[in-house]
Structure formats: C-alpha cells, structure tokens
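Engineer: Sharing a structure here in structure tokens format.
No lab work stands behind these numbers, since they all come straight from the coordinates. As the structure is a prediction and not an experimental result, all values here were calculated from the model. Methodologically, a virtual Cβ is constructed for each residue, glycine included, from the backbone with ideal geometry; neighbour enumeration extends over all protein chains shown.
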C-alpha cells in the first residue's frame, strides 16, 4: 500500500475529475474545479500528520464518493469540508462563492469549537449530535462525513496510539452503525475492519493470517459451487450473474465471539450471490437451489417480502456444499444489488440539478425521529445514547393489526411498540395481545409478531417499574417525561388562603404488606391545618403512586383515600371537608462513588453496563470507556476494556444491588469501587 506522501495531489484530482465527467455537465464540473482551487489556496502549506499536503485528504475523501454518482454540490462541499474548521474562511465567503447549499453542507460537517465543556467526551458527543441532526436536514452531510472518516481511518497509522484508539472506538460505535443504517455496506465493511485493526491488533493479525492460509482452498470450493449453479440455471434458461464475496474480518470475529466458536468452526466465510432480472426469478432460483443442494433447516430468510429497515432486499438461504460445509447463498435482482452496494446513494435522483429530498420518504423516518427527540432529551450524551439504542441496534420487525411493519430494537416489548405508535397509546396502555393472545406487557417481541395494544383513559399512566423491562431509549424517555410531569404537577402548590400551609407526613409501613410512602421513598403532603394528624384509610389502603385525596375527620385528623375509593362519592357530599393531597419524594443524602469495571471488549457492552444504572434511576455524573487492555492480555484471551463510572447513590442497598447486577453481566470480568 502506498504511503500518503507518495500520492500527488494534482494527479489524484485529475482522476476525480475524469470520473465525474461521466455524469456531470461541464458547468457542474467547473463548480468542483473552483472548489478545489479555493480549498487548496486556503489550506496553503498545511500538512497532514503523515507529512503529505493537507489538500490530499479532501481529494481522497471526494474519490471515496466518486463511485456513487452524486451531484456537483456534494463533491464541491467534500473538497471544502475542512476550510471552516482549519482556515480563516467564513461561511459568508462560501455562500458568496459556491451558493447556500454548498455552504450549508460544509457547515454540517464542521466541528464545533470554543465550547466550554467539562470534558473532551462531552465535546465529542456534541459534535456527533450536530452531525446527526445536520444529516436529518440533508443526507449528503453524512455521505461527506463517512468519506472523511474512511480516509482518516486509512491513514490512522500516522497518529499517536491514544488518538488511534479514540478515533477507532468512535468509528466503531457511531460511523460503522450509521453506514449500516444507510445501507452503504462497502464503506461499513472497510471502516469496521480498520477499526478492528487498531482496537484489537493481536486478534486482527491472527485472524487475517488464518483467513489467508485457507484462501486457496476456499476459493476453489466457491469456484466449484458457482460452476454448479451456472450449469443448472443455464438448463432452466435463467440468465443470471453468479459470484462469490468474502466476508470481512470483523464480521467473522464478531460471529466467533457471539457464538463462542473457533475459526475452524466458522464455515460461511464466503457468500455466493446470484443476480437475476426480476423478483419472480428470485423465487424460482431459490427453488432450483433447494433442488440442487441440501438445505440447512431454519436458515431461509426472505428480505424481499420484508426488507431490512435500511432498504436491503434479498433472499438468503444456507445449504450444504459439496465439501460437507454450510454455504450461504444470496439471491436478488440487479437493482437490489445496486442498492446493497451503494445504499442511500443508489436512490439519489436529479431534478434540474438538485438532489431529491429522501428524508421525506418512509424509509428514512428514523431521521425525522432524531429531530423530534430534541424536544425531550436533556444532554448530548442522552441524545447519542438514544440514537445508538433506537437507531443503530439490531432490530425486530413486528406488525400492527392492519399489517403495517414496525421496526423496534431487539428485546422490545409491547410497551415499546405502544410508544412507537404514539405517546398517548403508551400512556394509556393497560394490556396487549400478541398473535391474538393476551400476554404480559413485558413479553419480548420477535420478528413476525402481530401486536395489538389495549388502552383505557383510566389506565393511570405508565408505572416507574416499566423502566426495568422496556428496551428502546425513546420509550424510557417518554415514561420518564410522564413521571416527571406528574411529580411536578403534584409538587406545585395551588393558590392557598393566607392561613393555609403545607402539612407533610411520612407514613408508617403498611401492615397489609403493600408499599407505603415510607417504604417507597415518598411522603404525603396535604393542604390545610398543619396540626392535624394524617391517617391512612383502611377501606382502600392507598400506597405510592396511587392518586390520593384527603378527608377531614372530626376529632381524628385527615384521612387519606385513593381517588377511586368506593367511599369517595359519599364523602363528596361534604366537599368543604375534602383537601388536596399528593405524594412527594423524601430527600435522601446522595453519596458519590467511583466504580471501575473491566469487561470483554464486545459490541453493546457499554449499553449493558449503563442500562443497569438507568433501570435503577441512578445518575451517572461521568463515564469513560477509552482504555483498551488488549495489549496486556495473555495470548488466546479475549480482548478487554476498562470502564470508569462516577455515579450518585442515595441508598446503600441500591449500590450493593447495582454492583451485584454488574458482576452478573456475561461480558463483565471484574467490578471494583475505586
């Protein structure tokens, strides 16, 4: 592979222009050329860490996008993407010279500077948030950012080890899932393997060596299989293109870790693709393949009838090859293959020189959802975590009673489904049916389930214990927002007479075994005479979080009833004796603790750890996951990482429960207080 310093900027740019002339008009090519001249003049003598002229980077990023046949504005913005950040250029200069759309694209990929954040992590999160929201306005922003990130990953060897680790981790957590969500698999696979190389160099080199050692044997087997398929398709008069694609290293490694297998036990290192002209031919070919080979039961997947959320369509089947090993065969049309190769860029259309607005299509509803989240998230960290869980995680596809498809994170429940449909549906949920059977609301949904939500205006709203089993971050956000609102409503004093003042009482533990205020960490606040004692009604035994009402009993004090108590109608005959009452959280002393967790360095471990804190409503003040321990492990051991968390605990029992729950996670090696 050539070094950065061995490339000539002018030669690379000429290669770019020669490619773009294949579909851009002379005027559009002229815009790209002007952008190159402007960017080169502004970057001047700036150098990359490799020692190469800085201008090589934007040209190389534009070359990454050259295979996607985008518009001139995208390539111009790609060449200019660092001038606002690294030179004295202003946004007005860009707008005057290249138009408002180019200027907007460059602004969208430009990092924020001059912000007084407490840590670099928060600054990085705010920049990720900015890019994700800019992408929601114009998808071209993320295409430029992905090309920028890919070239930076290709030249990561010139940076310090600390920067290599940080950039590779961010790439794996944000940009790889983003490319996957947009269906741009070629970029995803290369970024994934490059990040793997720096995050776990020992495993990367070992696996690369094992794959190389078996390459000749594997290629001979695939060539033989392709010959078989070509032969029987020709006999059936089906015109098809048959080829083999090796799977990328990280996908092999991930399968080994997730399934607990050795390299020798992973057989589907190459997938065979069959490209035909029409959808009916896809199903015909599937039948012919099943006639010619022994089918592995349960391994047929129809992504044509039920496409993946990113638009991917294909038929997948696994059969036994002539060598007795499983082989995956993918069958799709040539148009589907184009979408598979190019993702969102395959849908790019032109109209009077303008890119079509794809954000309005149903396929990109998740982009609009990110914009909606702005209203109820309280930090960049919460926003990015919600995107990771709700947008970037694996998904299940379930159906509404009308047959509409709903995409949810793996592990979702009917409650997640309800809030996905509408916030009011979730807030009024009282039950659920899955496949026409009533099920508990914490039932885990699987692909293909048909879900019906039962609602009632008298549901009483979501309960705090739902937070322990719902999966989607957006669902948790809706539930917490509702609970915060109700708590605020209860704690906001109404206008009182001058002589009225609050009366606060923490109740005693209930003899009936139900949790009362003192047990739950809440107390009762009533309005009126502060000298009156408070008594819990035995007829309805109120407990938190029941809605409650006070009744002044002569000679005894204020009796607390549930608002739905059967005796309330008769008590209401004397409305002057009814007083407002509500629950209020009992302030508790908060203790800050620092916890150090050593874990296996596998996808999703950060979410698993943080989830144990979230389900117990524990505030995390600081979290760092930047120290990778791969270099310290013994040969043959799985890769490790260290997570440092500073959290606030108000209860010693909750602290012990959390530590125990963390130690029970399968990916966790050790948990200690610092």
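Engineer: Using a ≥ b ≥ c from the Cα gyration tensor of segment 145-247 (square roots of the eigenvalues), is it rounded, prolate or oblate, where a/c under 1.5 gives rounded and otherwise the larger of a/b and b/c decides, a/b for prolate?
Structural biologist: It is oblate, given that a/c is not under 1.5 and a/b is not larger than b/c.
Engineer: Quick one: if you stick a label point 7 Å off each Cα along the C-beta vector at residue 578 and residue 481, how many nm between them?
Structural biologist: 3.1 nm
Engineer: Classify segment 4-198 as rounded, prolate or oblate from the Cα gyration tensor: take a ≥ b ≥ c as the square roots of its eigenvalues, call it rounded if a/c is under 1.5, otherwise prolate when a/b beats b/c and oblate if not.
Structural biologist: Rounded, because the longest to shortest axis ratio a/c is under 1.5.
Engineer: Related question: May I ask you to order 227-233, 568-574, 145-151 by the average number of other C-beta atoms within 10 Å around their residues, highest value first?
Structural biologist: Ranked by mean Cβ neighbours within 10 Å, highest first: 145-151, 227-233, 568-574.
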